Amino acid sequence: KKIRKVGEYMVEVWKAAGMDLDNVEFRWASEEINKKPNEYWMLVMDIARSNSIARVKRCATIMGRGEGDEMPSAQILYPAMQCADIFFLRANICQLGMDQRKVNMLAREYLDKNKAARKKYRFKPIILSHPMLMGLKQGQVKMSKSDPNSAIFMEDDASAVKKKIRQAYCPPGETKENPILDYCKHIIFNRNGKMTIKVGAKEESTMKEYLSYEDMEQDYVAGTIHPGDLKAAVTAALNEMLEPVRKHFAENAKAKALLKQIKSFKVTR
């Protein structure tokens, strides 16, 4: 039930962010599974039977765990279930984060191993894997759901965004493991195609519009852009994107109630 509520919350986020829902149909895996539970669980067991424990444990990253981590036996079954979802829901394209790539590849390998499955489902799913955003703190390879200050959330107010970005790790002139540059590349330039930043020393500073991430990064490495000025530009861009979402969750009764309920859920590892 909690997963369903989070799903409903995500629909409200997409709606508020401007997603055109006219030709979109949301299907709930739980509903589809309950219609044909025997077929689903037979598929799960067949996928599990077709793979070794070692191969399945390589998919542990989909649950935020490492391959060598201690885990209950139920979690060893989870990758086979997620793999089965792909075929059971007849998904042609799997668009997920890089942390889900291994289980998506498991689905493609399953059709290579199983002639009957290949005949039934015909085509391997197309895998579209997007990068995982870094956490905002130093050394965080990806944001953490258990650390609210490691990421910007869709319903964060303007002051929270400003505070998180101001405190974020952003070493001068360095591009490696720099979360602020990561946000610029994968969010701001990806969405807006441009970015305006104050450049130069205080007494001679000007506003410069960048039309490519590469040009902006080059100036940052050269020291033309100060980390503080980059953070100010990132804060402004993010708040502009998030304002319609914040407004939706503040004014829409359904969305407001969903957000309150989601925030009451306990975060686990």
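The values are calculated or read from the model by the stated rules, or taken from the named source; none is laboratory data. These numbers come from a predicted model, not from an experiment. FYI the Cβ positions are ideal-geometry reconstructions off the backbone, even for glycines, and counts take in every protein chain you see. Remember, those area values only see protein heavy atoms, side chains included, never the ligands or the DNA or RNA. Shrake-Rupley method; radii C 1.70, N 1.55, O 1.52, S 1.80 Å.
Considering each of Gly223, Gly200 in turn, give the residue that is out of contact with any Asp or Glu (no Cβ under 6 Å at 6 or more places or on another chain) and farther than 28 Å from Val141 by Cα. Reasoning before the result, please.
On the way: Gly223 fails: farther than 28 Å from Val141 by Cα.
Sole residue among the options that is out of contact with any Asp or Glu (no Cβ under 6 Å at 6 or more places or on another chain) and farther than 28 Å from Val141 by Cα: Gly200.
If the requirement is being on the phi < 0 side of the Ramachandran plot and touching a Leu at 6+ places or on another chain (Cβ under 9 Å), which of these qualifies: Val141, Val161, Val221?
One residue alone meets the criteria, Val161.
Only one residue in Met216, Met207 is free of Cβ contacts under 8 Å to residues at least 60 places away in the same chain and under 19 Å from Thr175 (Cα atoms), so which one is that?
Numbers: Met207 fails: under 19 Å from Thr175 (Cα atoms).
Met216 is the lone residue from the list that is free of Cβ contacts under 8 Å to residues at least 60 places away in the same chain and under 19 Å from Thr175 (Cα atoms).
Is at least one residue of segment 157-165 closer than 16 Å to Ile225 by Cβ and at pLDDT 90 or above?
Step one: of segment 157-165, the residues closer than 16 Å to Ile225 by Cβ are 165.
From what is left, the residues that are at pLDDT 90 or above are 165.
Yes, there is a match, as at least one residue in segment 157-165 is closer than 16 Å to Ile225 by Cβ and at pLDDT 90 or above.
Counting just the residues of segment 155-205 that are of a type in the set (A, V, I, L, M) and over 17 Å from Tyr220 (Cβ atoms), which one comes out surrounded by the most Cβ atoms within 10 Å (Cβ to Cβ)? Give the steps one after another, and end with the answer.
So the first thing to find is which residues in segment 155-205 are of a type in the set (A, V, I, L, M), and the list is 158, 160-161, 165, 168, 180-181, 187-188, 195, 197, 199, 201.
Add one more test, that the residue is over 17 Å from Tyr220 (Cβ atoms), and what stays is 158, 160-161.
On the way: Ala158: 15, Ala160: 16, Val161: 20.
Ranking the qualifying residues of segment 155-205, first place goes to Val161.
For segment 194-207, state whether one or more residues are in contact with a Leu (Cβ under 6 Å, 6 or more places away or on another chain) and either among the basic types (Lys, Arg) or within 29 Å of Lys5 (Cβ to Cβ) (or both).
yes
Does any residue of segment 25-45 turn out to be closer than 25 Å to Ala250 by Cβ and either more than 21 Å from the chain's Cα centre (by Cα) or open to solvent by 50 Å² or more (accessible area, probe 1.4 Å) (or both)? Break it down stepwise before answering.
First, pick out the residues of segment 25-45 that are closer than 25 Å to Ala250 by Cβ: 26.
From the residues that got through so far, the ones that are either more than 21 Å from the chain's Cα centre (by Cα) or open to solvent by 50 Å² or more (accessible area, probe 1.4 Å) (or both) too are 26.
Yes.
When segment 216-269 is examined, which residues are found to be open to solvent by 40 Å² or more (accessible area, probe 1.4 Å), farther than 22 Å from Ser159 by Cα and in a loop (DSSP other than H, G, I, E, B)?
Listed by number, the residues that qualify are Gly223, Thr224, Phe265, Lys266, Val267, Thr268, Arg269.
Being at pLDDT 90 or above and not in a helix (DSSP H, G or I) is the filter here; which residues of segment 139-152 pass it? Lay out the reasoning, then the answer.
If we filter segment 139-152 for residues that are at pLDDT 90 or above, which is where we start, we get 150-152.
Within segment 139-152, Ala151, Ile152 qualify.
To keep it simple, each residue is scored yes or no on (1) part of a helix (DSSP H, G or I); (2) touching a residue at least 40 places away in the same chain (Cβ under 8 Å); (3) among the hydroxyl-bearing types (Ser, Thr, Tyr).
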residue	(1), (2), (3)
Ile33	yes, yes, no
Trp41	yes, no, no
Asp46	yes, yes, no
Arg55	yes, yes, no
Thr61	yes, yes, yes
Gln75	yes, no, no
Cys83	yes, no, no
Arg108	yes, no, no
Met132	no, no, no
